[in-house]
1. How many residues does the range A:1-44 hold that are more than 30 Å from B:I77 (Cβ to Cβ) and hydroxyl-bearing (S, T, Y)?
2. How many residues, within the range A:53-92, are part of a loop (DSSP other than H, G, I, E, B), away from DNA strand D (no atom under 12 Å from the Cβ) and of a type in the set (S, T, Y)?
3. Go through B:I75, B:I46, B:I56, B:I2 for me and flag whichever is within 9 Å of DNA strand C (Cβ to nearest atom) and surrounded by 23 or more Cβ atoms within 10 Å (Cβ to Cβ).
4. Please find, within the range A:14-42, the residue that is nearest to the chain's Cα centre (by Cα) out of those that are open to solvent by 20 Å² or more (accessible area, probe 1.4 Å), more than 14 Å from DNA strand D (Cβ to nearest atom) and facing another protein chain (nearest Cβ under 10 Å).
5. A:G64: within 9 Å of DNA strand C (Cβ to nearest atom) and either within 16 Å of the chain's Cα centre (by Cα) or of a type in the set (A, V, I, L, M) (or both), yes or no?
2 protein chains.
Amino acid sequence: MIGLSKRTDYGLLALVYLAAAPVGRVVRTRDIAEQHDLPVELLAKILQRLAKSGMIASTPGPTGGYHLARSTDDISIGQVVAAIEGAPALIHCERTDHNRCNQLDKCTIRKPLTRIQARVYDLLNLITLSEITGPEPPDELVFQSQIVRSNTIKPATARDRSVRGEEAIRA
Amino acid sequence: MIGLSKRTDYGLLALVYLAAAPVGRVVRTRDIAEQHDLPVELLAKILQRLAKSGMIASTPGPTGGYHLARSTDDISIGQVVAAIEGAPALIHCERTDHNRCNQLDKCTIRKPLTRIQARVYDLLNLITLSEITGPEPPDELVFQSQIVRSNTIKPATARDRSVRGEEAIRA
DNA sequence: TGTATCTCCGATACATCTTGTCGGATATAG
DNA sequence: CTATATCCGACAAGATGTATCGGAGATACA
């Protein structure tokens, strides 16, 4: 499959929600789960992975929660996919044991596909979360959260876009 | 997952094999399967789909087999994926029933992800099979096949490439 | 004309991965 | 001390992909 997993969808929904939250506030996992009707425990793990990769920060304790650790300009879709799905893929031989493919010499597609894979990754790494959130925040959500103490907000950077084409697969 | 399925891998292997075959010859499914040690029946179905989508042509009968129906410049990776995997994906809501997502109004990621999906498709549609086969054919394979009668070879076209990036997901 | 050998096609068991759930540990505000 | 949040590993359920089987249609060749 070339598509994203449900987990990544959930993660992106959560990131958009966090991006829409007022600066200085933390959001509980349960709030996001209830907003989009997602299983709380599953979303919790996803947020843990996002926190581990450094794009969101966590605050433990009763008044705790999550908040964005970077600007939406500084979080790429590729990073989100990598954090949640563990990332590398495209060619099948490379996923499990490399040596299991007992005919590496006969495999005529491995090396070229690795190059193509790199191009797909490059594309996803150029697209940032701000392209999903948009310039203006939705601002239609209610937050019953608290003030955050550890301010680890980093400065924003810029991104550009490229790539266009003439024919589509189906869409 | 962002990766290709095993079926697509098999399909690409078969296409490369067919591309390496001398013009005017047909190749049996079994030959390709034995060359790469793939299950014959599964590969047969994959080749049927590729034939149905028009990128390879079939010849029935004892001396039958498959041959490329277009130039390797005229077969894109996106088309191969679409032919084998049925294509559309990326965002999860769009895969099964559209109306099942009973909170379309709250879904903040559907529309932006559709745009991103189109970009990925564009990229895959710009990459042709000739980038996998290379300019010169491998020419290290033995063909025990026969002459083809129905010559449905179409003229070749040209393709260009674009897209580059600075940071990668992991590779 | 029969037979062998291809492509074709639907249905179905098997494997693997994803999704979802459970139980318990750690940290902190009140 | 207690309630409530993040954490973390392990496992059951479900979905998806992979592989297999049985049989039908087409054609070269004896």
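The values are calculated or read from the model by the stated rules, or taken from the named source; none is laboratory data. Fair warning: this is a prediction, and the values are worked out from it, not measured in the lab. Please note: Cβ atoms are built from the backbone with ideal geometry, for glycine as well, and neighbour counts cover all protein chains shown. These area figures cover heavy atoms from the full protein model, side chains too; ligands, DNA and RNA do not enter into them. Shrake-Rupley method; radii C 1.70, N 1.55, O 1.52, S 1.80 Å.
1. Within the range A:1-44, residues that are more than 30 Å from B:I77 (Cβ to Cβ) and hydroxyl-bearing (S, T, Y) number 2.
2. Residues that pass the stated criteria total 1.
3. B:I56
4. Filtering first and then ranking leaves A:A19.
5. Judged against the criteria, A:G64 is not a match.
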